[in-house]
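In what follows, a single structure is set out as structure tokens and then discussed.
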């Protein structure tokens, strides 16, 4: 299986201006190397067979004939290869000259795509030599003895994907041809370019390509002229860029003196999923006028075993580097904004939070503190309630008290031991039996206490459960599952730790900082089972349901990409190869899928809470699923 991946390449060969035979040899070399790497489609720069900077030599018959002979040379050399190649060259049609992309495979020209928008300003004067695709009425052209389709509206179809082509200036237009091509089914756009360099232009170019890729929900492969083009007036850096839905997958070295081949894999299965979910994309088809596409069939070119060059982040919810602080600040601001609105709208006089000394309740408390500060309310209006139970350890209990005290909130302590023992007696349960009744009764008792204190004080119970727990159903129904506003509802467990650490390092006093950092280092546990003989936590969550870093990886790709279990496993095995073996990954993936389906009933009645990222499980927003949906097909594949 190729799991929906299409291996593509952007090539930037060395070029000699007007030396078509030399250029063809460089092109052949890159095609052969790419084919050896399993590349299915490769794109070259604009006018790469002749060189972009030929100037008035484009009016020379000899150059045009040499270009066609060079194309013939490439066709013959690559006749036995599966790879689809997209080359740039001048093509004569109806007595006019076109700046065109030529698509070829196995010795056959599949089609010719002329450039639509010809720049004729500042350093550009293409209209001196070429005419636009819109000025040509022919739908075929004879090239290398073959009569082939011609037009800017050609779509090329393989069994793996459908792709379209535009050239350089086309993507700079207010409505690029690629927009119409994408709306008609193009999943990947290839751009042959001759983009020259100027201060600040490269950053703008990358932004432009990223935006067009995202706007079209498409892959975008860009290849621009490099070393060897004339530098009489401008310089070409040889940009090779590959995008997928706005994300840069791979890029080449700018200003390289050697040829380059940049390879990556575009996940068209992911793009199809995005388009199915994004109904605006489909609606545009009815609103935008365009010439109906002409579809050209190409052969399947993916016979080799899939070998990914692109990598996947092991923690997809957690950005790396300087973006992490920016992301944490933004998420925290969203949580604060959501809670501030809810508190003011309900005219609440207090916020009640159950504080366990764990990560989730700590984050909820920090959000409350920041919200009260923002509203100008005294922190004493925040009522932190610690509720020691049978499994509470000294470490978490002490951290809970220290944190509430240092933050200046109201501290209340209500032990649940007596109430739970009375409850066990009332229902005839042996407290020595540490089963689900023993555990869940504690969670429900705590929720009752919080709800009643909120009623006493005219406040709201602020929920602490996070996105990862909701995905796994790791919450007691009508226990910690319930609140009046869940500020962490769309924050995954792998990100909660970073948010708490970010606050510790940026926004609290030294005493609170020390407590927060110790909470970050504390094992994740519901603490519903008594501690061991040494007073240590005996119930480690990740020992029971699996590592949260794996579950968050599964969750992201299951929801964000709609990926099937085999593909998620394939990506996880590759991403975590130095951490978990394949058997372990498949075991926890099975657990994830089983629990995700079985626990939907808990998500169907969630409290309100703010969405902070691209993945959410709110039954009113991102995820609507029947509670009795069958997981059989997913578990069978897993």
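The values are calculated or read from the model by the stated rules, or taken from the named source; none is laboratory data. Quick caveat, the model's predicted, so the values are computed rather than measured. Neighbour counts are summed over all protein chains in view; Cβ atoms, including those assigned to glycine, are modelled from backbone coordinates with ideal geometry.
Restricting attention to region 212-236, and to residues there that are under 14 Å from residue 12 (Cα atoms) and touching a helix residue (DSSP H, G or I) at 6+ places or on another chain (Cβ under 7 Å), which single residue is surrounded by the most Cβ atoms within 10 Å (Cβ to Cβ)? By that ranking, first place goes to 225. Of everything in region 22-63 that is in contact with a strand residue (DSSP E or B) (Cβ under 7 Å, 6 or more places away or on another chain) and surrounded by fewer than 19 Cβ atoms within 10 Å (Cβ to Cβ), the residue that is nearest to residue 102 (Cα to Cα) is 33. All told, residue 249 falls short of being assigned to a strand (DSSP E or B), surrounded by 17 or more Cβ atoms within 10 Å (Cβ to Cβ) and touching a helix residue (DSSP H, G or I) at 6+ places or on another chain (Cβ under 7 Å). Of all residue pairs spaced 6 or more apart or on separate chains, those with beta-carbon atoms under 7 Å, a first member in region 314-326 that is without any contact (Cβ under 8 Å) to a residue 12 or more places away in the chain and a second member that is in a helix (DSSP H, G or I) and buried (at least 17 other Cβ atoms within 10 Å of the Cβ) are 319/327. Looking at residue 336, is it in contact (Cβ under 8 Å) with a residue 24 or more places away in the chain, at negative phi and not in a helix (DSSP H, G or I)? When the stated conditions are applied, residue 336 does not pass them. Residues that are under 11 Å from residue 32 (Cα atoms), in contact with a helix residue (DSSP H, G or I) (Cβ under 8 Å, 6 or more places away or on another chain) and either surrounded by fewer than 19 Cβ atoms within 10 Å (Cβ to Cβ) or not assigned by TED's automatic domain parsing to the domain that holds residue 135 (or both) within region 65-80 comprise just one, 77. State all residues of region 104-123 that are under 21 Å from residue 58 (Cα atoms) and either out of contact with any helix residue (DSSP H, G or I) (no Cβ under 8 Å at 6 or more places or on another chain) or not assigned by TED's automatic domain parsing to the domain that holds residue 46 (or both); if no residue qualifies, say none. Answer for region 104-123, where residues must be under 21 Å from residue 58 (Cα atoms) and either out of contact with any helix residue (DSSP H, G or I) (no Cβ under 8 Å at 6 or more places or on another chain) or not assigned by TED's automatic domain parsing to the domain that holds residue 46 (or both): 112, 121, 122, 123.
No other residue among 281, 270, 255 is assigned by TED's automatic domain parsing to the domain that holds residue 134 and surrounded by 18 or more Cβ atoms within 10 Å (Cβ to Cβ) apart from 270.
For region 185-210, filtering for residues that are modelled with pLDDT under 95 and either assigned to a loop (DSSP other than H, G, I, E, B) or not assigned by TED's automatic domain parsing to the domain that holds residue 114 (or both) leaves 5. Scanning region 477-490 for residues being buried (at least 22 other Cβ atoms within 10 Å of the Cβ) and closer than 22 Å to residue 540 by Cα gives a total of 4.
Yes or no: region 95-106 includes at least one residue that is more than 24 Å from residue 23 (Cα to Cα) and surrounded by fewer than 18 Cβ atoms within 10 Å (Cβ to Cβ). Checked against the condition, which is being more than 24 Å from residue 23 (Cα to Cα) and surrounded by fewer than 18 Cβ atoms within 10 Å (Cβ to Cβ), region 95-106 yields at least one hit. Per this entry, residue 348 is counted among residues that are surrounded by 14 or more Cβ atoms within 10 Å (Cβ to Cβ) and part of a loop (DSSP other than H, G, I, E, B).
When residues in region 117-154 are screened for being buried (at least 21 other Cβ atoms within 10 Å of the Cβ) and assigned to a strand (DSSP E or B), 4 of them pass. Within the set 489, 569, the sole residue that is in contact (Cβ under 8 Å) with a residue 12 or more places away in the chain and closer than 20 Å to residue 444 by Cα turns out to be 489.
The criterion of being over 24 Å from residue 334 (Cα atoms), in the same structural domain as residue 341 (by TED's automatic domain parsing) and without any contact (Cβ under 8 Å) to a residue 40 or more places away in the chain holds for residue 633.
Just one of the listed residues (353, 367) is within 25 Å of residue 448 (Cβ to Cβ) and assigned to a strand (DSSP E or B), namely 353.
Please determine whether any residue of region 447-467 is more than 38 Å from the chain's Cα centre (by Cα), buried (at least 22 other Cβ atoms within 10 Å of the Cβ), without any contact (Cβ under 8 Å) to a residue 24 or more places away in the chain and not in a loop (DSSP other than H, G, I, E, B). Checking region 447-467: not a single residue is more than 38 Å from the chain's Cα centre (by Cα), buried (at least 22 other Cβ atoms within 10 Å of the Cβ), without any contact (Cβ under 8 Å) to a residue 24 or more places away in the chain and not in a loop (DSSP other than H, G, I, E, B). Just one of the listed residues (213, 179, 159) is more than 29 Å from residue 68 (Cβ to Cβ), touching a residue at least 12 places away in the same chain (Cβ under 8 Å) and part of a loop (DSSP other than H, G, I, E, B), and it is 159.
Screening residue 602 with (1) modelled with pLDDT under 95; (2) assigned to a helix (DSSP H, G or I); (3) within 30 Å of residue 345 (Cβ to Cβ) gives one miss only, at (1).
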